[in-house]
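The values are calculated or read from the model by the stated rules, or taken from the named source; none is laboratory data. Predicted model only: the values in this text are computed from it and were never measured. Don't worry about glycine lacking a Cβ; one is built from the backbone with ideal geometry, like all the others, and counts go over all protein chains shown. Ligands, DNA and RNA are excluded from the accessible area calculation, which covers all protein heavy atoms including side chains. Shrake-Rupley method; radii C 1.70, N 1.55, O 1.52, S 1.80 Å.
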Amino acid sequence: MENENKETDKAQILIIDDVEINRAILEEIIEDMGCCPVMAESGEQALKLLHKVHPQLILTDISMPGMNGYELCKILKSNKRTRNIPVIFISAFSEPKDIVEGFVLGGEDYITKPFIPEVVQARVGVHLRLHEARHELTEMNRKLQISVNEQLKQMETEKKNILYALANIAAQNADYEEKHIERIKNNCRIIAQGMQLSPLFEDKISDTDIDTIELAAPLCDIGNIGVPKEILQKKEGRTKEEEAIIRNHTVIGAKFLKDLHVNSDYNDFISAAIDIAQSHHENWDGSGYPKGISENEIPLAAQIVAAAQRYCILTGQQKLTREEAAAIMEQEAGVKFNPDIVRICSKISRQFI
């Protein structure tokens with residue numbers, strides 16, 4: 001078992017030459033280096049062997065019957081699995097044009113016949129060390145990329161947690177019920193899933209969209225952190241100026257989220273959150289704010305959150321039953337909400353929390 005492990009640890013070198021004596025000489029030179037030679041009589045045989053072995057280096061003759069060394073090298077360099085294996089050409093030819101052609105095809109070096117063992121060992125040793133260094137560098141880059149990705153994910157999680165904390169503060173300032181944020185998040189997912197099953201929306205909402213809307217929905221009123229608490233909690237008798245301040249929370253929230261600079265994966269979540277924060281008070285008939293857009297000008301994610309939030313406020317702050325809330329939303333269909341979304345909400349309202 002120990003001897004098998006030692007053999008496995010040896011660098012494998014594939015030697016390709018149609019002349020038996022040349023193979024024997026190279027085999028002995030390679031074994032003297034402490035490496036493991038793998039022999040092939042032709043380019044075709046070498047390609048078959050490469051399905052089973054993955055050598056650290058390839059020594060190939062140029063002039064062979066059938067596939068020559070140049071053709072073999074071209075095939076090796078076009079294959080993702082073998083393109084990074086160094087190729088050294090061996091030949092009796094020493095014309096500059098022959099050497100240049102080998103380099104153009106991707107060969108790393110050139111050894112001429114007759115073989116001088118010290119020269120073969122020196123050149124093979126150099127390319128083995130270079131190959132090992134490249135391998136180590138690739139592995140270091142792979143581990144570094146994993147580490148960077150993990151750090152980015154951690155940063156994303158921390159940023160989301162901060163945003164959710166701010167959203168909770170904003171909800172408390174607005175005097176929402178304790179589980180208001182969690183209810184909106186859950187009910188948005190239920191509505192989006194129901195819409196995905198409808199022929200009207202099945203091509204507009206993917207599984208990824210559902211996840212993104214669920215994550216972004218709690219940030220709908222994050223702009224309330226910029227509105228004085230006493231105005232938010234004022235139950236009645238607000239002045240026009242105070243109403244204008246409250247309405248501005250959509251602009252504040254959208255700008256706050258736009259100012260975040262994060263990586264592309266995180267931006268899917270942020271983009272949805274911006275649409276929701278800015279447009280969840282727009283009305284289907286164009287009477288909402290801040291821009292007064294209507295119908296399908298309103299981002300779909302914002303339409304979903306608007307319906308979920310209305311239900312949560314009616315059954316939370318206003319203490320209405322599920323049936324009473326559904327009846328009010330049905331009356332508001334076509335005015336505040338997309339009628340098709342309201343119809344779906346009515347069918348699945350028993351799943352809401």
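Once the C-beta distance of Val335 and Lys153 is scaled by a Förster radius of 41 Å, the resulting FRET efficiency is 0.45 to the nearest 0.05.
To put it simply, the accessible area of the chain at a 1.4 Å probe is 51 percent carbon and sulfur.
For the pair Asp285 and Gln193, label points projected 7 Å from Cα toward Cβ lie 3.4 nm apart.
Within straight-line reach of Lys291, meaning a Cα separation under 16 Å, sit the following aspartates and glutamates at least 8 residues removed in sequence or on another chain: Glu243, Asp275, Glu282.
Highest mean first, the peptides 25-31, 81-87 sorted by other C-beta atoms within 10 Å per residue fall in the order 25-31, 81-87. Charges on Cβ only, +1 for Lys and Arg, -1 for Asp and Glu, centred on the Cα centroid of the chain; of Ile210, Ser294, Gln56, which one is farthest towards the dipole's positive end? Ranked along the dipole, the leading option is Ser294. Take every DSSP beta bridge with both residues inside the chain and express the antiparallel ones as a percent of the total, to the nearest 5. Among the beta bridges of the chain, antiparallel pairing accounts for roughly 0 percent.
Each of Gln145, Gly237, Ile328 was placed along the dipole of the chain (beta-carbon charges, centred on the mean Cα), and the one lying farthest toward the positive end is Gly237. With a simple spin-label model that places each label point 7 Å from the Cα along the Cα-to-Cβ direction, the separation between Val53 and Glu241 comes to 8.8 nm. Placing +1 on the Cβ of every Lys and Arg and -1 on the Cβ of every Asp and Glu, with no other charges, gives the chain a dipole of roughly 1420 debye about its Cα centre.
Of the residues Asn224, Asn187, Val19, the one whose Cα sits farthest towards the positive end of the charge dipole of the chain is Asn224 (charges of +1 on Lys and Arg Cβ, -1 on Asp and Glu Cβ, taken about the Cα centre). The length gained on full extension between Glu71 and Ile328, counted as 0.36 nm times the residue separation minus their Cα-Cα distance, comes to 84.8 nm.
Among all the lysines, which ones have a C-alpha under 18 Å from Lys97's C-alpha, if same-chain residues fewer than 8 places away are not counted? Candidates past the 8-residue exclusion: Lys74, Lys113.
Residue ranges 324-333, 53-62, 195-204 sort as 53-62, 324-333, 195-204 when ordered by packing (mean number of other C-beta atoms within 10 Å per residue, highest first). The alpha-carbon of Lys143 sits under 17 angstrom from the alpha-carbons of these aspartates and glutamates, leaving out residues fewer than 8 places away in its chain: Glu132.
Phi angles across segment 274-287 convert, under the Karplus curve 6.51 cos²θ - 1.76 cosθ + 1.60 with θ = phi - 60°, into 3J(HN,Hα) values of 5, 4, 5, 4, 7, 10, 6, 10, 6, 9, 4, 8, x, 8 Hz, Gly and Pro given as x. When the Gaussian network model of the chain links Cα atoms closer than 10 Å, the mean-square fluctuations of Glu44, Glu139, Glu156 top out at Glu44.
Using the rule -39500 (n - 2.57) for each DSSP H run of four or more residues, divided by the residues of the chain, the 222 nm mean residue ellipticity is -18500 deg cm²/dmol. Taking θ as phi - 60° and the Karplus parameters 6.51, -1.76 and 1.60, the scalar couplings of segment 308-318 work out to 5, 5, 4, 4, 5, 5, 5, 8, x, 4, 8 Hz in sequence order, x denoting glycine and proline.
The computed Kirkwood radius over Cα pairs in Å for the structure shown corresponds, within (i) 24.6; (ii) 19.6; (iii) 25.9, to (iii).
Computed from the Cβ-Cβ distance with R0 of 41 Å, the FRET efficiency linking Lys258 to Leu130 stands at 0.25.
With the cut-off at 1.5 for a/c, could you classify segment 40-92 from its C-alpha gyration tensor as rounded, prolate or oblate? Judged from the Cα gyration tensor, segment 40-92 comes out prolate (a/c at least 1.5, a/b above b/c).
Post the alpha-carbon centroid distance, segment 75-128 to segment 243-314, in whole angstrom. A separation of 63 Å, based on Cα centres.
Using a Gaussian network for the chain with springs between C-alpha atoms less than 10 Å apart, which of these wobbles most: Tyr176, Tyr70, Tyr164? Ranking Tyr176, Tyr70, Tyr164 by mean-square fluctuation puts Tyr70 first.
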